[in-house]
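I have placed the structure first, in the form of structure tokens, so that the comments after it can refer back to it.
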Amino acid sequence: PRVCVVGSGPAGFYTAQHILKHHGGALVDIYEKLPVPFGLVRFGVAPDHPEVKNVINTFTQTARSERCSYHGNVTVGRDVTVPELQQAYHAVVLSYGAEDNRVLGIPGENLPGVYTARAFVGWYNGLPENRDLKPDLSCETALILGHGNVALDIARMLLSPLQLLRKTDITDSSLAALACSKVKRVWLVGRRGPLQVAFTIKELREMINLPGARAVLDPADFTGLESAVKDAPRPRKRLTELMIKTALEKPVEMQAAAAGAAAPREWGLKFQRSPQEVLPSADGKRARGIRLALTCLEGSGDSAKAIPTGDVEELECGLVLSSIGYRSLPLDPAVPFDSQRGVIPNSSGRVQGVPGLYCSGWVKRGPTGVIITTMNDSFDTAQSVLEDLQGGVLDISPSREGFGLVESILRSRGVRPVSFSDWEKIDAAEVARGKAAGKPREKIVDPEEMLRIIGH
């Protein structure tokens, strides 16, 4: 059987890995729109979290399998359609993730000084489409809308000492911009309360321990929470206890004086506030602040809803980052898509009403969870493919040409795919440039330059 996977992030690679491991004869081709693989492992994981990127070693082993091929620089839906892939393969798995972001839907959202988390993360991580973002970091106060791990990542990038960032794979131009940044205060704002934050304890602890930055948490936000959380699941309980401890810790006067000198930067969490409007500067040319509606919670736990109370407050900030989630986009008219939920309608990864078509990862279940969540989800989809192969649901009697057919389609359209060994040349060039600068790698952010390196 010939299987093709669209997207080379964790979902695509884990799906391919599982199929190759549990079917001794399957051939898997992975298609990726960028010349370089690994999706959000390369472009989403924070530069100062290199250990999270170790999964790239596993993905590389999969790509080097003689039954697996990687074809980068191919945009499915434009360079080749999904029906064309279905003619070339016995099964097609869509694992292309979430390439867009949710919008706030408030006035002033498009003012200069307002950025999506997705674009900002893409900028410091070298995602080609965000390389020219040039965020304005000339203000003292930044405000991040959202209480997830991505929001904490961004706060950490804005406040980290440069000597920490210099040793990471952050892009050269982002490092230069952060070196000139005036930002010294970051507020993370959420619509709901401390019991509904979506970040995890590891990321919070890292933020609390960030050198040269102090946490500003209002003890009033945490009163009575110890009792509320005593029967909560252990991760939620420990996370809340850490926030309470941080809020209530009163540094000794001596420490405070020293900390005041050593910690010119600060960050804090604000709860039960919902963005109403980004306020423009006097000349209307940029953001100068934000109006927030105060909310009260209806219900409890993860299902609590934030309801506006009618009260509002305004906060001064010259930089607004919205970190309220990523969004998947439809890929091809031939593929059903639930635009309300931003997913492909499916059951265990089988796309509804289209036999032989599958999906895995964020486009299957929505943009939530960490790499391990995506791994399990992708194994689940791969299992559906294997069951359908074994149960005869997928007819493999007609032989399919696989990449042979796709290659001739691409050639007729003037598209030249990039192989995995091509990527390895780009990889070697990045590592060599990084070595010269004392970093693990210096990412190449221009696709044209990537293609020049491999002689395309």
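Somewhere in the stretch 345-352, is a residue part of a loop (DSSP other than H, G, I, E, B) and over 25 Å from the mean Cα position of the chain (by Cα)? First the steps, then the outcome.
Taking the stretch 345-352 as the starting set, the residues that turn out to be part of a loop (DSSP other than H, G, I, E, B) are 345, 348-349, 352.
Then keep just the ones that are over 25 Å from the mean Cα position of the chain (by Cα); that gives 352.
Yes, the stretch 345-352 has at least one match.
So is Val393 open to solvent by 50 Å² or more (accessible area, probe 1.4 Å), among the hydrophobic types (A, V, I, L, M, F, W, C) and farther than 30 Å from Lys202 by Cα or not? When the stated conditions are applied, Val393 passes them.
A count restricted to the stretch 429-456 and to residues that are surrounded by fewer than 14 Cβ atoms within 10 Å (Cβ to Cβ), within 25 Å of the chain's Cα centre (by Cα) and free of Cβ contacts under 8 Å to residues at least 12 places away in the same chain stands at 2. Each residue in the stretch 239-272 was checked for being open to solvent by less than 50 Å² (accessible area, probe 1.4 Å), modelled with pLDDT of 90 or more and outside any loop (DSSP other than H, G, I, E, B), and 12 pass. Taking each residue of the stretch 230-241 that is in the same structural domain as Phe199 (by the TED database) and touching a residue at least 12 places away in the same chain (Cβ under 8 Å) and looking for partners that are open to solvent by 50 Å² or more (accessible area, probe 1.4 Å) and not in a helix (DSSP H, G or I) with beta-carbon atoms closer than 9 Å, six or more apart or interchain, yields Pro235/Thr200; Leu239/Thr200. Taking the numbered list (1) open to solvent by 80 Å² or more (accessible area, probe 1.4 Å); (2) at pLDDT 95 or above; (3) assigned to a helix (DSSP H, G or I) in turn, Glu314 passes all entries but (3). Scanning the stretch 83-139 for residues that are among the small types (Gly, Ala, Ser), touching a Lys or Arg at 6+ places or on another chain (Cβ under 7 Å) and not in a helix (DSSP H, G or I) gives Ala98, Gly113, Gly126, Ser138. Against the list (1) part of a helix (DSSP H, G or I); (2) in contact (Cβ under 8 Å) with a residue 24 or more places away in the chain, the condition Lys202 fails is (2). Among the conditions (1) in contact (Cβ under 8 Å) with a residue 60 or more places away in the chain; (2) at positive phi; (3) not basic (Lys, Arg), Gly105 misses just one, which is (1).
The values are calculated or read from the model by the stated rules, or taken from the named source; none is laboratory data. These numbers were taken from a predicted model, which means no experiment stands behind them. Every residue, glycine as well, gets a Cβ built from its backbone with ideal geometry; the counts of neighbours run over all protein chains shown. Surface accessibility is based on the protein's heavy atoms, side chains included, excluding ligands, DNA and RNA. Shrake-Rupley method; radii C 1.70, N 1.55, O 1.52, S 1.80 Å.
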